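The values are calculated or read from the model by the stated rules, or taken from the named source; none is laboratory data. Please read these numbers as outputs of a predicted model, since none were measured by experiment. Cβ coordinates were reconstructed from backbone atoms using ideal geometry, including for glycine residues, and neighbour counts include every protein chain displayed.
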């Protein structure tokens, strides 16, 4: 990707390493980033949870800039996902002994 490689770098850098729960277009996804070759190669794979959508790409970090290599999908699909995903909301944690929908009662 000759034009916009700085934008690509920013999009890739915002993906945390490892697995992360995210949302994209209101749907839940599992997003995984794997770094290889001391970070010179980055794999990004996202799978819709409970659905069939997949987004997959490799990014090669060269001295000339980042190079996007989508896996069997158009680059605009990958770039839209990288720009549009958001961290999944974290469900509230119930205090010890509390039941959902019912206030905690003293014993």
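Being surrounded by 10 or more Cβ atoms within 10 Å (Cβ to Cβ) and either at pLDDT 95 or above or over 30 Å from residue 68 (Cβ atoms) (or both) is the filter here, so list the residues in the range 87-100 that pass it.
Residues of the range 87-100 that are surrounded by 10 or more Cβ atoms within 10 Å (Cβ to Cβ), as a first pass: 87-88, 94, 98.
Answer for the range 87-100, where residues must be surrounded by 10 or more Cβ atoms within 10 Å (Cβ to Cβ) and either at pLDDT 95 or above or over 30 Å from residue 68 (Cβ atoms) (or both): 87, 94, 98.
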Point to revise | Yes/no for residue 36 being loosely packed, with under 14 Cβ neighbours inside 10 Å, in contact with a helix residue (DSSP H, G or I) (Cβ under 8 Å, 6 or more places away or on another chain) and at pLDDT 95 or above | key: no
Check your understanding: Among 55, 77, 67, which is surrounded by 17 or more Cβ atoms within 10 Å (Cβ to Cβ), in contact with a strand residue (DSSP E or B) (Cβ under 7 Å, 6 or more places away or on another chain) and either within 29 Å of residue 91 (Cβ to Cβ) or at pLDDT 95 or above (or both)?
Key -> 55
